[in-house]
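This report refers to the structure that appears directly beneath it.
The values are calculated or read from the model by the stated rules, or taken from the named source; none is laboratory data. Bear in mind that the values here come from a model prediction, so they are computed numbers and not experimental data. When we count neighbours, we look across all protein chains shown, and the Cβ atoms used for this are built from the backbone with ideal geometry, even at glycine.
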Amino acid sequence: MKVLDYIMEELEKYPLHFSLIDPDKQPPEDAGEMAEIAERVGSTAIMVGGSTVSDEKLVDDTVKEIKSASSLPVILFPSSANSLSRYADAIFFMSLLNSKNPRYIIGEQMKGAMTIKKLGIEPISMGYIVVEPGMKVGEVGEVELIKRNDFITAAGYALAAQYLGMKFVYLEAGSGANEPVPSEMIVFVKKNIEIPLIVGGGIRDPSTAREKVMAGADIIVTGTALEELFFERKLSSIVKTIKECKRV
Ligand code: 1GP
């Protein structure tokens, strides 16, 4: 089954949680252990990527470990055409819509497209929108950050993504953000689009996760919470809370 079909089927049942693993942050064996935990607590997919990843062998080794430790689909979340892996099931073929540099809007995509075709990785198109504070991805991606009270611009980008035929919109506050994407912005964006909305960055506890789902997030991404390996119980309650929420 295609990863996109699997996600859409799961979305029919409840809001979802995706676990993000950055290959730069731990050795591949630890990534395998994290994926095992993610699967055990009910996460739906593993995203692999990070703003600074450029070592393809490290991405390959990380994906291989994850694949052998869990049966969850692995979706690449690339920062450039140099962070691909033939071992992944799918790739978020994403455009950083509010970057000032065309390289992140379409340039890296052009460089990677033929490789993705050759390797047979399933591309899943996604519009990626970075909101203040933006953190590392805001800097590296040369982003003109969406102001936290600028709902109109956020919704404009999101709807443009939908009209361009993208399958998902991702509102990102940046990994480790002290404030996640504002709930009022999520409400406004969700009201204006028909494709699933992914929200991530700075979500580290069940009540914040619930608030973002109740505002309209269809999928919550957490990375930092998973890096705290010893907090399996916390991650477990985050995922449980998300899945128990009624969809808006
Ligand atoms: C980054 O939104 C994700 O792309 C995850 O952020 O590490 O803050 O969970 P955190």
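What to note about this one:
- Taking residues in the stretch 197-213 that are touching a residue at least 24 places away in the same chain (Cβ under 8 Å) and more than 9 Å from the ligand (Cβ to nearest atom), and partners anywhere that are in a loop (DSSP other than H, G, I, E, B) and of a type in the set (Lys, Arg), the pairs with Cβ atoms closer than 9 Å and at least 6 places apart or on different chains are 213/246; 213/247.
- Across the stretch 64-80, the qualifying residues are those that are outside any loop (DSSP other than H, G, I, E, B) and without any contact (Cβ under 8 Å) to a residue 40 or more places away in the chain, and the one among them that is surrounded by the most Cβ atoms within 10 Å (Cβ to Cβ) is 74.
- From the list 166, 185, the one residue that fits, being under 24 Å from residue 13 (Cα atoms), in contact (Cβ under 8 Å) with a residue 24 or more places away in the chain and more than 13 Å from the ligand (Cβ to nearest atom), is 166.
- Hey, residue 30 of a type outside the set (Val, Ile, Thr) and either closer than 21 Å to residue 135 by Cα or touching a residue at least 40 places away in the same chain (Cβ under 8 Å) (or both) or not: yes
- Within the stretch 39-55, restricting attention to residues that are more than 17 Å from residue 27 (Cα to Cα) and among the β-branched types (Val, Ile, Thr), the residue that is modelled with the lowest pLDDT is 41.
- The single condition among (1) touching a Gly at 6+ places or on another chain (Cβ under 7 Å); (2) assigned to a helix (DSSP H, G or I) that residue 236 does not meet is (1).
- Qualifying positions in the stretch 220-245 - within 15 Å of the ligand (Cβ to nearest atom), farther than 14 Å from residue 180 by Cα, touching a residue at least 12 places away in the same chain (Cβ under 8 Å) and hydrophobic (A, V, I, L, M, F, W, C): 226, 229, 235, 238, 239, 242
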